[in-house]
1. Pick out, from ALA94, VAL131, VAL120, the residue whose Cα sits farthest towards the positive end of the charge dipole of segment 88-136, with +1 on the Cβ of Lys and Arg and -1 on the Cβ of Asp and Glu.
2. Find the accessible area per residue for segment 46-93; the probe is 1.4 Å, ligands and nucleic acids are left out, and the unit is Å².
3. Per the helix-only calculation at 222 nm, which mean residue ellipticity applies to the chain, given -39500 (n - 2.57) for every DSSP H run of n ≥ 4 and division by its residues, nearest 500 deg cm²/dmol?
4. In the chain, carbon and sulfur make up what percent of the accessible area (probe 1.4 Å)?
5. Tell me, what is the FRET efficiency for SER135 and ARG108 to the nearest 0.05, using R0 = 22 angstrom and their Cβ-Cβ distance as r?
6. Evaluate the charge dipole of segment 1-76 about its Cα centre and quote only its size in Debye, nearest 20, assuming +1 on the Cβ of each Lys and Arg and -1 on the Cβ of each Asp and Glu.
7. Could you rank the peptides 42-48, 9-15 by their average count of other C-beta atoms within 10 Å per residue, with the highest value first?
8. By how many nm would the segment from ARG100 to LYS15 grow when fully extended, if each residue of separation counts as 0.36 nm and the alpha-carbon distance is taken off?
Amino acid sequence: MDGKLTLEVVVPQRKLLREEVDSVTAPGAMGCFGVLPGHTPFLTALEAGELSYRINGDTRYLATSGGYAEVGPDTVTILAETAEPAHEIDLERAQQAKERAEERLRQRDDEEIDFSRAQVALQRALARIQVTARSTS
Ligand code: ATP
């Protein structure tokens, strides 16, 4: 349990962060997973959700959408389609995206509606709203 993990989060436009952290929790495609130093290496796809990491007793949060996580014994590399800390999130935009997605999901009989696309959009919006709430709670 001694030691740290190097967490690196990369989005298409930039390297968002590289930090020495104590643990990482990420929204894996097969469920949320936690990583401590010394973890068995693995590779997994990510869903939209909340990624959190602990630094010296402080927990920090990012809203992420899909991508991949590569876990090594002392590294976690996140290649995310999008990733935002709370201060970069436009809450109103996320609430509007949530309402749009919910409206599409209500029209489930309409063949024009791409149901799974709306579900994923809803998940992204909910992750952003959740991470924004973290910073005010
Ligand atoms: P919207 O429908 O509002 O565009 P979206 O979920 O379709 O939302 P994405 O495709 O996930 O948007 O993201 C496109 C870009 O916009 C990314 O760079 C992402 O970080 C940014 N982004 C999306 N929603 C927000 C938000 N609420 N606040 C800040 N940045 C956002």
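The values are calculated or read from the model by the stated rules, or taken from the named source; none is laboratory data. What you see is a predicted model; the values in this text were computed from it and never measured. We place every Cβ from the backbone using ideal geometry, glycine too, and count neighbours over all the protein chains shown. All accessible areas refer to the heavy atoms of the entire protein, side chains included, with ligands and DNA or RNA removed. Shrake-Rupley method; radii C 1.70, N 1.55, O 1.52, S 1.80 Å.
1. Towards the positive end, the residue furthest out is VAL131.
2. Working: 2330 Å² over 48 residues.
Ligands and nucleic acids excluded, the result is 48 Å² per residue.
3. Values: 2 runs with 38 residues, N = 137.
Helix-only estimate at 222 nm: -9500 deg cm²/dmol.
4. Working: 3830 of 8240 Å².
C and S atoms contribute 47 percent here.
5. Details: r = 34 Å, r/R0 = 1.54.
It comes out at approximately 0.05.
6. Values: 6 positive and 10 negative charges, 42 e Å.
With Lys and Arg at +1 and Asp and Glu at -1, about 200 debye.
7. Values: 42-48: 16.3, 9-15: 13.3.
Listed from highest to lowest mean packing, they are 42-48, 9-15.
8. On the way: separation 85, 0.36 × 85 = 30.60 nm, distance 3.00 nm.
Answer, rounded to one decimal: 27.6 nm.
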